[in-house]
Structures are given as C-alpha cells and as structure tokens.
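As structure tokens, the structure follows; a few thoughts come after it.
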Amino acid sequence: MNRPPAARATDAIHAGQAPDSLSGAIVPPLTLASTFVMDTPGVPRSGYDYSRSGNPTRSALETALVTLEAGGAAFAFPSGLSAEDTLLRVLTRPGDTVLFGRDVYGGTFRLLTAVLAGEGRTPVATDVFDLAALERDLARTRPVVLWLETPSNPLLEIADLDRIASLAHAAGALLVVDNTFASPALQQPLALGADVVVHSTTKLIGGHSDMVGGALVTRPGLPLPRDRSGVGGSSDVADSIAYLRNATGAVPGPFDAWLAARGLKTLHVRAERAAASAGRIAEHFRGHPAVRRVHYPGLPDHPGHDVARRQMRGFGTVVSLTLRDADAARRACERTRLFALAVSLGAVESLVEHPASMTHAAKEGSPDAIAPELVRFSVGLEDVDDLVDDIEQALA
Ligand SMILES: *Cc1c(COP(=O)(O)O)cnc(C)c1O
C-alpha cells in the first residue's frame, strides 16, 4: 500500500521560519508594527506598507501553512469561521447552491443556514459517507461548492476524499475540505483532490488552547468556478481571497499568527502522540461493560477504517464513546478529573464534552441530532495510562 500523503515535520519547523537576517535570531521576530516606513512615496522597502495588507509574522505563518498543505497560496484569518466566511463569499454568489456534509461543524452550519442563506445562497445538506446518495444530490442540486469534514465530528466517520473529489469535479463543483480534525500532519486533502483546505488553527495547529485563528489553503492556480471573475476582477481564487480579506479587514493579529507558527513546530509529535493515545483508549474501552460503542477510525471494524488507512497517517486525536444512556454520558463528563469539561479539541490538555448538550445542541430535534448517550474525548499529551484510568473511574 502507498504511504498516504502528509506534511513533513522538517517543513513544520523550517518553512517560513528562517533565522532573522538582521540579528540572527533563530526565531523570526514578532512584528507588531501597524505601518512600515518608505524612502520614496508608494515604494515599500520590502513589500510591506500596512499590517492589514501584509505583515511579516503573518507571512511566515502562511509560508509554513502553504508548504504543509502542499498548496498554491495560504491565508491566515482571525478565526476558522472568518476564514470560512471569506471563502464562501469568494466562491459563491446569490443564487448558488452549497452542498455540505450534514455533520459539519455547528458554526459552519449556522454560517451557511442563518447568514449566507439570508444573502441568497442555498445551503443543502447531504450524506458524504454514502457515495450513491452524494452523487444523486450533486446531480440534483448542481452546487458550486461541496463542503465536508473528515474525520467527522463527533462520530468520526471517514469520507473518501479521492472518490468524492472525482464526483464533485464531474458535477462541476469545487471540493472544500475542513482539515481541522486531522491537521496536515495526518492528512493532506489537496494531495487527494480537494480544491481548498480550511482550518481552525485554534485546534491542533495552535495546539495549546491559547489562541483563536483560522486559515485557507488553495490548490495552485485554482480558477473561480464557472468562468467567473471575482471581487477585485481576478478569475483566480487565491487573488480573490487576498483582495476580499484586505477589503474586509479579516486579518489575525501578529501575536496570534506567531503563536500558530510556534504551535506548528511541534504539530507532528503532538498529533502522532495524541493519535497513538487515542488508539490505545479506543482499544481499551472496546467491550467495556459501560460502553455500548467506541467510535474511532483506527479500529479495524470501523466502517471507514480502510479509507482512513489509505488517506491518513494515523487516525486522529478524538475518540467518542456511546454509553448506556444519557444520564451515564452526562455523569461521565462531570466525573473526569484529567479530561476537562470544555468545548474545543486538539490541545495538549485532554478535554471531554457532551455533544448533544454542548457543541451540537443546535441540532436537537432535527434528523441529524446527536444521541445524548455520546461522549466526545479530545486526547491530549498526558500519560496515556492516566487518561485510561481517568475515563475508567468516570465510568465506574
Ligand atoms: C472550531 C472549528 C471551526 C471553527 O473555528 P473557530 O476558530 O472556532 O472559528 C471550524 N471547523 C471545525 C471542524 C472546528 O472544530
């Protein structure tokens, strides 16, 4: 079997992070300046004139991200959702349909259905884990964009990126993949056929629960769909994102960009260790008397296991458990001592949450509601034996 594509650890440490040419500082400096002096009107000394339009600390992060995702251009944003908002405004116009996986992040669902729908876009949910149903929905709705996440949240289902990219392209749609749950250390969607990758850098990339940020990475030379030209007049997706981000001012502060770049340097060791611990936890609780089902793509009987082996290096850092009933699930969340009860994921600290009443509460009563018996664990970097013991005592 071929090794699935993934970012290189060497790039995570060195891409965009060359020592400062002036002082030799091994860590590129944090440039807080809002403006940059010129010698001649209108001629910046080294490409920077004003920090909304461009900032060296932000550029360093973007160089790292574009290398790690093997893309053509990368753009940092102040949050994952502001990255999504900018991308959807660049790719779609009033009258367009956006087809999205029905278990996308709750904030993505809200942006599509409560904000962009009110501005003339038509969001339609589909099942990206059933390729026949997906193909029918692509043919029926003729979307400009197909948007999905894999592994999915909180059930950790796996979408086959290679096959879905072919289906989307055959139907004239661009494929956007939110790669937040895997990170480029475990999965490179552009190498598998996706057109744009979205990140909440708040999660695995930042990795330390100390910043909020987002990013977009585009396939090299990607044109706007349907021979259109975008805001700013270009027909190129990356140019249009750059134009809109500058025009609307959706830029991260330099310190957040610096923290994300710092997080990237340890991304591989963090993601690999947390995924190994998640695998141990999944194995341990399989067949446990208090657990009805373990959701983790690393388990050989998981329906997406073979696809995950083909497209990911490691199976991710999140494990979900279906317990006996809703009370047991809520109690387990209250009784863990190491796993902190909090939303978010991908950090050094392990977290636990109850999707039905927290991250996925907005779906209550809908066909896509998350069962109240489910508990989601984001596995961090503590000793795995301590994590197993913590869940054991919470279930006892
Ligand atoms: C957190 C998250 C987002 C939103 O990112 P923010 O940084 O919170 O705006 C989008 N997608 C996924 C999968 C997420 O987990």
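Laboratory data are not the source of any read-out in this text; all were calculated from the coordinates shown. Keep in mind that what you see is a predicted model, and the values were worked out from it rather than measured. Backbone-built Cβ (ideal geometry, glycine too); neighbour counts: all protein chains shown.
Each part reduced to its alpha carbon centroid, the range 18-48 and the range 327-347 end up 44 Å apart.
What share of the DSSP beta bridges in the chain is antiparallel, in percent to the nearest 5? Intermediate results must be reported in sequence, preceding the final value.
Working: 26 of 44 bridges.
Given both bridge residues lie in the chain, the antiparallel proportion sits at roughly 60 percent.
With both bridge residues required to lie in the range 143-217, what share of the DSSP beta bridges run antiparallel, to the nearest 5%? Intermediate results must be reported in sequence, preceding the final value.
Details: 4 of 12 bridges.
Bridges in the range 143-217 that DSSP calls antiparallel: roughly 35 percent.
Here the simple spin-label model places points 7 Å from the Cα toward Cβ, and for ALA326 and SER234 these points are separated by 5.0 nm. Residues of the range 128-169 falling in the label zone of ARG309, defined by backbone nitrogen less than 19 Å from a point 7 Å along Cα to beta-carbon, are 151, 157-163. Over the chain, with a Gaussian network built from C-alpha contacts below 10 Å, which listed residue (SER209, SER200, SER21) shows the highest mean-square fluctuation? Maximum among the listed residues: SER21.
Available extension along the chain between ALA276 and LEU131 is 49.2 nm, counting 0.36 nm per residue and deducting the alpha carbon span. Approximating the spin labels as points 7 Å out from Cα along Cα→Cβ, the VAL348-to-ASP386 distance works out to 1.2 nm. Applying 0.36 nm per residue to the separation of PHE255 and GLN393 and subtracting their alpha-carbon distance, the gain on full extension is 45.7 nm.
Specify whether the C-alpha gyration tensor of the chain places it in the rounded, prolate or oblate class, a ≥ b ≥ c being the square roots of the eigenvalues: rounded for a/c under 1.5, otherwise prolate if a/b is larger than b/c and oblate if not. Intermediate values should be presented prior to the final figure.
Numbers: a/c = 1.88, a/b = 1.31, b/c = 1.44.
Oblate.
Among the helices of the chain, those built from whole DSSP H runs whose Cα atoms reach 20 Å or more along their own axis and whose mean Kyte-Doolittle hydropathy is at least -0.5 are 267-285. When the Cα gyration tensor is reduced to axis lengths a ≥ b ≥ c, the ratio a/c is 1.5 or higher for the range 172-226, and with a/b above b/c it is classed as prolate. Using the Cβ of GLU62 as centre and a radius below 14 Å, the other residues enclosed give a net charge of -1, where K and R count +1 and D and E count -1.
As a check on your grasp of the helix formula, calculate [θ] at 222 nm for the chain: sum -39500 (n - 2.57) over DSSP H runs of n ≥ 4, divide by the residue count, round to the nearest 500.
Values: 12 runs with 129 residues, N = 396.
-10000 deg cm²/dmol, from helical runs alone.
Please find the FRET efficiency linking LEU30 to ASN246, where r is the Cβ-Cβ separation and R0 is fixed at 22 Å, and quote it to the nearest 0.05. Intermediate results must be reported in sequence, preceding the final value.
Numbers: r = 21 Å, r/R0 = 0.97.
Efficiency, from the Cβ-Cβ distance: 0.55.
A crude spin-label estimate for the pair TYR50 and ARG226, with each label 7 Å from Cα along the Cβ direction, gives 3.3 nm.
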